[in-house]
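**Student:** After the structure tokens below, expect a handful of questions from me.
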Amino acid sequence: MNPRLAKALVNGLLIGFAVVSLAPLLWMLSVSFMAKGEATVFPPPLLPSTLTLANYRELFERNGLGRYLFNSALIASAVTLLSLAFNLAAGYAFAKLKFRGRENLFKTLLGALVIPGQVAMIPLFLLMKSLGLVNNYGGVIVPAMAGIFGIFLVRQYARSIPDELLEAARIDGAGEGRIFVRIVLPLLKPIVVTLAIFTFLASWNDFMWPLIVLADQSNYTLPVALASLSREHVMDNELMMAGSVVTIAPVLLLFLVMQRYYIEGLLLGSVKG
Amino acid sequence: MSSSRAGWLFVSPALLIIGVFFFLPVLAALLLSFTDFDLYALANLDNLRFVGLGNYIDLLQTPMFWKSLRNTFYFVIVGVPLSIAVSLGAALLLDSKLARFKGFFRTALFAPVVTTVVAVAVIWRYFFHTRYGLVNYSLGFIGISPIDWLGDADWSMPTIILFAVWKNFGYNMIILLAGLQAIPQDLYEAARIDGASFWRQLRHITLPMLKPTMLLVAIITTSGYFQLFAEPYVMTRGGPLQSTTSVLYFMFEEGFKWWNLGRASAVAFLLFLLILGVTALMLRFGRRGEDGA
């Protein structure tokens, strides 16, 4: 093929892909600024005739979106912080500390990755109920405080820490806790960032478990609230698009700022072989 | 403190959490699936009875369970190959030496992956609206009359598949792109000297070299697609005519709408066994091909 034609074809196809990927998101943004009913006509308008924040105002003032935003932010932050602490300690130990049964334990954990999380959900609901954690932030946070995938990711990364470094610190008389905090954690910084973004995004976007365990509306996270709103306001397209913007924007921005770390983590997690 | 004691101390908090909130519930789900745990047992455990394989036998005689299984297989069998084909196409384009602005395109194509399923499902429901949707409007220009995407039982699942492909292809694209970049360049150079065309290079170098990555991607995607839930929950509520009721949607309704928790646990376990079986088959199939090569 003629090289100029080939170049036009490759770039043209990429532009096509980008348009298909971004168009729904851009249109969502545009419709969210339209006046009520403006998007419910034929043909559908691409841009608002006048920009209005009325949909956002209605969501925050009358539909309690601020509350859901707060719930989502609180839950995702708590899950991220707590699971980081537990996964980092465990991942490092599986990589660098020798203890009896380490290999078998790790193999069991890896094997359990094939079990879909939903298998656990029904008994987990009963367990949460008996612990008084149904319909309460704890019901979402507590089961997510540690995860096999996070431990695996940390272990993969921590394996590159040289043993001599740890040995030298031990000879100097440093305790294991001190070694972990002073020497290991600074070395694990890139994977800490990666895992933090991964966890935050996953927790923010999670739907099925919060839907099950959060019964009371005032405790809903954004996705659960949005699903419930969209069932009530089937025809309020402008309002629903504004709700989608509020739900998507925080995670999309976080991704855009930190995408290098996110993509590295994705690749590190998928080359388990 | 000995290194062995430190090791246990470091792993035990995480293991305790995973043990209590994951392993224990999985085991309990198995036990629960042999009981008739329902609303009455929820109120008073004295009402709980052991029913052996009763739930499983019952499910296999429930038409709605078979329908949900059929719908899920439809989603997996059409959705997974389509999704991987699109991911591969995008990865090949991004890997091409002719492509400009690679960083921008990579980010743009990946963006749907990090969005919230519920929120983008709401957008798509509007996008594919029969009367006001941009999709039908655009199709009107090439003379296609409006399609009732989410309201017609024949179109609902294809629409959900399109949505899932749009939402997910970027993930596999990144993994496949890394696989492509790991293929030694001298293989292509040798092929070029021999005058091999792009398609011949794709068939004889790229695809064979990419095979281990493809197998991994296929297994992850298949397992993920079997867990279809949020899309039908938001876009169609399992309808129309139950055409988008997936196995997990069925489990959710059995468990948390009708409170048949024993039966719902049996559904969850059957889905797990199904995923396990399909994964094992794919591994076996994939590895056998490797030996032959």
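The values are calculated or read from the model by the stated rules, or taken from the named source; none is laboratory data. Values in this document were obtained by computation on a predicted structure and should not be read as measured data. Note that each Cβ is placed from the backbone with ideal geometry, even for glycine, and that neighbours are counted across all protein chains shown. In case anyone asks, the SASA skips ligands and DNA or RNA and just uses the protein heavy atoms, side chains included. Shrake-Rupley method; radii C 1.70, N 1.55, O 1.52, S 1.80 Å.
**Student:** What list of ³J(HN,Hα) values in whole Hz, one per residue of the stretch B:87-97 in order, does the Karplus curve 6.51 cos²θ - 1.76 cosθ + 1.60 (θ = phi - 60°) give from phi, with Gly and Pro shown as x?
**Tutor:** 4, 5, x, 5, 5, 5, 5, 5, 7, 5, 5
**Student:** Okay, moving on. List every DSSP H helix in chain A whose Cα atoms extend 30 Å or more along the helix's own long axis and whose mean Kyte-Doolittle hydropathy is at least -1.0.
**Tutor:** A:3-32, A:65-96, A:237-270
**Student:** How large is the charge dipole for the stretch B:40-175, taken about the Cα centre, if only the Cβ atoms of Lys, Arg (+1) and Asp, Glu (-1) carry charge, to the nearest 20 debye? Each step should come with its number before you reach the end.
**Tutor:** Values: 10 positive and 6 negative charges, 111 e Å.
Here the size comes out at about 540 debye.
**Student:** Apply the Kirkwood formula to chain A: the hydrodynamic radius equals the inverse of the mean of 1/r over all pairs of different alpha-carbon atoms; give it in Å with one decimal. Present the calculation step by step, with values, prior to reporting the outcome.
**Tutor:** On the way: mean 1/r = 0.0456 Å⁻¹.
So the Kirkwood estimate lands at 21.9 Å.
**Student:** A further question on this structure: What's the magnitude of the charge dipole for the stretch B:111-253 around its Cα centre, counting Lys and Arg as +1 and Asp and Glu as -1 at the beta-carbon? Answer in Debye, nearest 20.
**Tutor:** 120 debye
**Student:** Return one number: the angle in degrees, 0 to 90 and rounded to the nearest 10, between the long axis of the Cα atoms of helix B:156-181 and the longest principal axis of the Cα atoms of chain B.
**Tutor:** With both axes taken from Cα atoms, the answer is about 60 degrees.
**Student:** When you count, for each residue, the other Cβ atoms within 10 Å and take the mean per peptide, how do A:195-202, A:100-107 rank with the highest first?
**Tutor:** Going from most to least packed, we get A:195-202, A:100-107.
**Student:** Additional query: Along the charge dipole of the stretch A:54-270, Cβ charges K/R +1 and D/E -1, which of A:68, A:205, A:91 sits furthest on the positive end?
**Tutor:** A:91
**Student:** Shielding of A:86-95 by partners, i.e. mean partner chain Cβ atoms within 10 Å per residue?
**Tutor:** Mean inter-chain Cβ contacts per residue within 10 Å come to 5.
**Student:** Considering only protein heavy atoms, what is the solvent-accessible area of residue B:220 at a probe of 1.4 Å, reported in Å² to the nearest 10?
**Tutor:** Surface accessible to solvent at residue B:220 totals approximately 60 Å².
**Student:** Name the residue farthest towards the positive end of the dipole of the protein assembly as shown from the options A:105, B:151, B:276, assuming +1 on Cβ of Lys and Arg, -1 on Cβ of Asp and Glu, about the Cα centre.
**Tutor:** A:105
**Student:** I've got another one for you. Please work out how much accessible surface residue A:77 shows to a 1.4 Å probe, ignoring ligands, DNA and RNA, in Å² rounded to 10.
**Tutor:** Taking all protein chains as shown, residue A:77 has close to 50 Å².
**Student:** When the Cα centres of the stretch A:1-62 and the stretch A:216-246 are compared, how far apart do they sit, in Å?
**Tutor:** Cα centroid to Cα centroid, the span is 20 Å.
**Student:** Quick check: with the 1.4 Å probe, what order do A:60, B:104 take by accessible area, largest first?
**Tutor:** Values: A:60 85, B:104 120 Å².
Highest to lowest solvent-accessible surface, that is B:104, A:60.
**Student:** Still on this structure, please answer the following. When you count, for each residue, the other Cβ atoms within 10 Å and take the mean per peptide, how do B:276-285, B:228-237 rank with the highest first? Intermediate values should be presented prior to the final figure.
**Tutor:** Values: B:276-285: 12.9, B:228-237: 22.1.
Top of the packing list down: B:228-237, B:276-285.
**Student:** Here's another thing I want to ask about it. Given the DSSP H assignment, sum -39500 (n - 2.57) over each helix run of at least 4 residues in chain A and divide by its residue total; what's the result at 222 nm in deg cm²/dmol, nearest 500?
**Tutor:** Here the helix-only value at 222 nm equals -23000 deg cm²/dmol.
**Student:** Name the long-range amide H neighbours of residue B:35: under 5 Å, sequence gap of 5 or more, or other chain; modelled H, no Pro or chain starts.
**Tutor:** B:51
**Student:** In what order, largest first, do B:67, A:189, A:129 sit by accessible area if the probe radius is 1.4 Å? If you can, show how the numbers build up before the last one.
**Tutor:** Values: B:67 70, A:189 135, A:129 100 Å².
Most to least solvent-accessible, the answer reads A:189, A:129, B:67.
**Student:** Right, here's the next one. Quote the accessible area belonging to residue B:49 in square angstrom, nearest 10, computed with a 1.4 Å probe and with ligands, DNA and RNA left uncounted.
**Tutor:** 150 Å²
**Student:** If you take each beta carbon of peptide B:102-108 and count the beta carbons of other chains within 10 angstrom, what is the mean?
**Tutor:** On the way: counts 1, 1, 2, 6, 4, 7, 9.
Taking all residues of B:102-108 together, the mean is 4.
**Student:** Treat each spin label as a single point 7 Å out from the Cα along the C-beta direction, and report the residue A:52 to residue B:102 distance in nm.
**Tutor:** 4.7 nm
**Student:** Alpha carbon centre of the stretch A:130-197 versus the stretch B:122-175: separation in Å?
**Tutor:** A separation of 42 Å, based on Cα centres.
**Student:** Regarding the protein assembly as shown, what is the average projected area of its C-alpha convex hull, in nm²?
**Tutor:** The Cα convex hull of the protein assembly as shown, projected and averaged over all directions, gives 30.2 nm².
**Student:** Over the whole of B:45-57, what's the average partner chain Cβ count within 10 Å per residue? Rounded to a whole number, please.
**Tutor:** 0
**Student:** Ignoring ligands, DNA and RNA, how do B:64, B:157 rank by accessible area with a 1.4 Å probe, largest first? Please report the intermediate quantities before stating the final value.
**Tutor:** Working: B:64 50, B:157 5 Å².
Ranking B:64, B:157 by accessible area, largest first, yields B:64, B:157.
**Student:** Using only the Cα atoms of chain B, build the gyration tensor, take square roots of its eigenvalues as a ≥ b ≥ c, and label the shape rounded, prolate or oblate: rounded if a/c is under 1.5, else prolate if a/b is larger than b/c, else oblate.
**Tutor:** Here chain B falls in the oblate category.
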